[in-house]
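Student: This is the structure, below, for whatever I ask next.
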Amino acid sequence: MVKGLQEAAKTEGAACAIIAPKISGVKLSDDKMYPVDEKIGAGPAVVFDAVAVIPSKAGAELLKADGASKDFVADAFAHCKFIAYNEDAMPLFKAVSIDGDLDGGCIKLAKAEDAKAFIKACGKLRFWEREPKVNKR
């Protein structure tokens, strides 16, 4: 999924940064450590045009208890950013009370090829249709 997002971003001329709770890297599904560009508390969602939340099931359980991770996701949603996610991200979304509010700006990634649709959607920069819902919170 990570590589699919990176390839789709590169094809569209977009940059892709990997953000994680620890700067030491993240373990991908193939058990290889992957370097990160930013520690989540140092790279807030506001500085990115869009975000992808694609943890493992175990990773999501850790993230849902991490204040910086919860702030990152909640801020991305509140700022009407496009958000790609996988099914395993749902506990984190529930922890910030957006699990019932997923909308057309939240794009589920089930396979690496889904990243292309997400990156294309990001061309609009924001999912402004979410703004009235966010303002009612």
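Any read-out appearing in this document is the output of simple, stated calculations on the displayed coordinates, not a laboratory observation. Everything numeric here is computed off the predicted structure, so don't read it as measured data. Positions of Cβ are backbone-derived with ideal geometry, glycine not excepted, and every protein chain shown enters the neighbour counts.
Student: In terms of the ratio Rg/(2.2 N^0.38 Å) built on C-alpha atoms, what value belongs to the chain?
Tutor: On the way: Rg = 13.9 Å, N = 137, 2.2 N^0.38 = 14.3 Å.
So the Cα radius of gyration is 0.97 times the expected 2.2 N^0.38 Å.
Student: Identify all lysines with a Cα-Cα distance to Lys136 below 19 Å; exclude those on the same chain that are fewer than 8 residues away in sequence.
Tutor: Lys81, Lys94
Student: Out of every Cα pair in the range 73-137, what percent are spaced more than 19 Å from each other? Intermediate values should be presented prior to the final figure.
Tutor: Working: 577 of 2080 pairs.
When every Cα pair of the range 73-137 is considered, 28 percent fall beyond 19 Å.
Student: Would you kindly work out the equivalent ellipsoid of the range 1-73 from its C-alpha gyration tensor and give its semi-axes, the square roots of five times the eigenvalues, largest first in whole Å? Mind showing how you got there, number by number?
Tutor: Details: eigenvalues 73, 51, 23 Å².
Each semi-axis is √(5λ); the values are 19, 16, 11 Å.
Student: Here's another thing I want to ask about it. Taking a cut-off of 20 Å between Cα atoms, list the lysines near Lys3, but don't count ones fewer than 8 places away on the same chain.
Tutor: Once the sequence-local lysines are set aside, what remains near Lys3 is Lys22, Lys27, Lys32, Lys39, Lys57, Lys108, Lys111, Lys116, Lys120.
Student: Of all beta bridges DSSP finds with both residues in the range 2-135, what is the antiparallel percent, to the nearest 5?
Tutor: Values: 2 of 11 bridges.
In the range 2-135, approximately 20 percent of DSSP beta bridges are antiparallel ones.
Student: Oh, and also: At a Förster radius of 25 Å, what calculated FRET efficiency corresponds to the Cβ-Cβ distance of Lys133 and Lys22, to the nearest 0.05?
Tutor: The computed FRET efficiency comes out at 0.15.
Student: Just grab the label-to-label distance for Thr11 and Ala110, each label 7 Å out from Cα along the Cβ direction, in nm (one decimal).
Tutor: Spacing of the two 7 Å Cα→Cβ label points: 1.9 nm.
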